[in-house]
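Trainee: This is the structure I have questions about; it appears just below.
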Amino acid sequence: MSGVMIVTGGSQGIGAATARLAAARGYKVALSYRSGAQHAADVLAEIRAAGGEAIAVQADAADEAATVALFEAVDRAFGPVTALVNNAGITGPIRKLDAVDAAMLGEVMDLNVVGCFIALREAVKRMATDRGGAGGAIVNLSSRASEIGGANEFVHYAASKGAIDSFTVGAARELGPRGIRVNAVNPGMIETEIHAKAGDAGRTTRAIPVIPLGRVGTADEVAKVILWLLSDEAAYVTGALVPIGGGR
């Protein structure tokens, strides 16, 4: 594999695993981060120590100007993006739905939905064959919560990921004739730092009894599916929502 990949929110968790694997498979990788400068530096060091090429760019995915600047920085460093992993996102705190206020909901939607849309828009400007691009592939990070619903914990988050599912299907149908494939992965219980950030570090362990495979997943397992969807092996796959939830 080769090409130029942007991974938003690439300093930790699934984003970091994707950035490392992409670099190992020959991509020039740009990872963005909002506040985790040290985590981003650590990922860069790992990639470079293994012989890969990567840069890190501070950019809040919910900030349109910052996202535009991210893509421009990648243009200068590596050339036009050929693969986008729309990974940046937050759950928001664990809340029953009647305890979610407009500010909390707005923060989740701005990052998870608006941020994803703006990054995809900027990628289209560079990838679309009718705009002089060579085509490309995009993977959006959704969640099993979009189908399960997140009751009593994350209805606000689940709603944002339901929007991503719809967005993925619509974008795939619009962009297929323009040389761009768009898919989503829908991870379930994956062992990352996102659960602790939401206020419940033990959440994945408690969920094991309802997961048919009997364990939680890893960020590396999600990254492998993402890289497959971006590869030529998935050349006839677009508009897919791929569950990675151990059967749940």
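The values are calculated or read from the model by the stated rules, or taken from the named source; none is laboratory data. Remember, it's a predicted structure, so these values are computed and weren't measured experimentally. Please note: Cβ atoms are built from the backbone with ideal geometry, for glycine as well, and neighbour counts cover all protein chains shown.
Trainee: Only one of these conditions is not met by Lys161: (1) in a helix (DSSP H, G or I); (2) of a type in the set (D, E, K, R); (3) surrounded by fewer than 21 Cβ atoms within 10 Å (Cβ to Cβ); (4) touching a helix residue (DSSP H, G or I) at 6+ places or on another chain (Cβ under 7 Å). Which number is it?
Mentor: (3)
Trainee: For the stretch 181-202, does any single residue satisfy the condition of being among the aliphatic types (A, V, I, L, M), at pLDDT 95 or above and surrounded by fewer than 20 Cβ atoms within 10 Å (Cβ to Cβ)?
Mentor: no
Trainee: Name every residue in the stretch 200-230 that is closer than 30 Å to Thr82 by Cα and hydrophobic (A, V, I, L, M, F, W, C), in order of residue number.
Mentor: If we filter the stretch 200-230 for residues that are closer than 30 Å to Thr82 by Cα, which is where we start, we get 217-230.
Result: Ala219, Val222, Ala223, Val225, Ile226, Leu227, Trp228, Leu229, Leu230.
Trainee: Give all pairs with beta carbons closer than 9 Å in which a residue from the stretch 21-32 that is among the basic types (Lys, Arg) meets a residue that is buried (at least 20 other Cβ atoms within 10 Å of the Cβ) and assigned to a strand (DSSP E or B); count only pairs at least 6 apart in sequence or on separate chains.
Mentor: Note: pairs meeting the criteria are Lys28/Gly3; Lys28/Val4; Lys28/Met5; Lys28/Ala54.
Trainee: Please go through the stretch 63-83 and pick out each residue that is within 17 Å of Glu107 (Cβ to Cβ) and crowded, with 23+ Cβ neighbours inside 10 Å. Before the answer, list the steps.
Mentor: Keep residues of the stretch 63-83 that are within 17 Å of Glu107 (Cβ to Cβ), which gives 63-64, 66-67.
Thr67, the sole residue that qualifies.
Trainee: While we're looking at this one, here's another question. Counting only residues that are charged (D, E, K, R) and either loosely packed, with under 14 Cβ neighbours inside 10 Å or farther than 30 Å from Val29 by Cβ (or both), which one in the stretch 84-115 is farthest from the chain's Cα centre (by Cα)? Can you show your working first?
Mentor: Looking only at the stretch 84-115, we keep the residues that are charged (D, E, K, R), and these are 95-96, 98, 101, 107, 110.
Still in the running and either loosely packed, with under 14 Cβ neighbours inside 10 Å or farther than 30 Å from Val29 by Cβ (or both): 95-96, 98, 101.
Values: Arg95: 23, Lys96: 25, Asp98: 28, Asp101: 25 Å.
Ranking the qualifying residues of the stretch 84-115, first place goes to Asp98.
Trainee: Within the stretch 119-144, how many residues turn out to be among the hydrophobic types (A, V, I, L, M, F, W, C), surrounded by fewer than 24 Cβ atoms within 10 Å (Cβ to Cβ) and over 20 Å from Asn186 (Cα atoms)?
Mentor: Taking the stretch 119-144 and keeping what is among the hydrophobic types (A, V, I, L, M, F, W, C), we get 119-120, 123-124, 127-128, 134, 137-139, 141.
This time we only want the ones that are surrounded by fewer than 24 Cβ atoms within 10 Å (Cβ to Cβ), so: 120, 124, 128, 134.
Now narrow it down to the ones that are over 20 Å from Asn186 (Cα atoms): 124, 128, 134.
Number satisfying all stated conditions: 3.
Trainee: When residues of the stretch 145-155 are filtered for being in contact with a strand residue (DSSP E or B) (Cβ under 9 Å, 6 or more places away or on another chain) and crowded, with 21+ Cβ neighbours inside 10 Å, how many remain?
Mentor: Here the count works out to 2.
Trainee: Being farther than 16 Å from Ala235 by Cα and in contact with a Cys (Cβ under 9 Å, 6 or more places away or on another chain): is that true of Ala163 here? Steps first, please.
Mentor: Working: farther than 16 Å from Ala235 by Cα: yes; in contact with a Cys (Cβ under 9 Å, 6 or more places away or on another chain): yes.
Answer is yes for this residue.
Trainee: Being closer than 23 Å to Glu221 by Cα and β-branched (Val, Ile, Thr) narrows it down to one of Val7, Val68, so name that one. Spell out how you get there, then give the answer.
Mentor: Working: Val68 fails: closer than 23 Å to Glu221 by Cα.
Result: Val7 is the single residue among Val7, Val68 that is closer than 23 Å to Glu221 by Cα and β-branched (Val, Ile, Thr).
Trainee: Report, by residue number, each residue of the stretch 149-167 that is under 21 Å from Met104 (Cα atoms) and of a type in the set (A, V, I, L, M, F, W, C).
Mentor: Ala151, Phe154, Val155, Ala158, Ala159, Ala163, Ile164
Trainee: Ok, one more. Inside the stretch 47-62, can you point out the residues that are within 17 Å of Asn87 (Cβ to Cβ) and surrounded by fewer than 17 Cβ atoms within 10 Å (Cβ to Cβ)? Outline the logic, then answer.
Mentor: Within the stretch 47-62, the subset within 17 Å of Asn87 (Cβ to Cβ) is 47, 54-62.
Residue satisfying the conditions is Gln58 alone.
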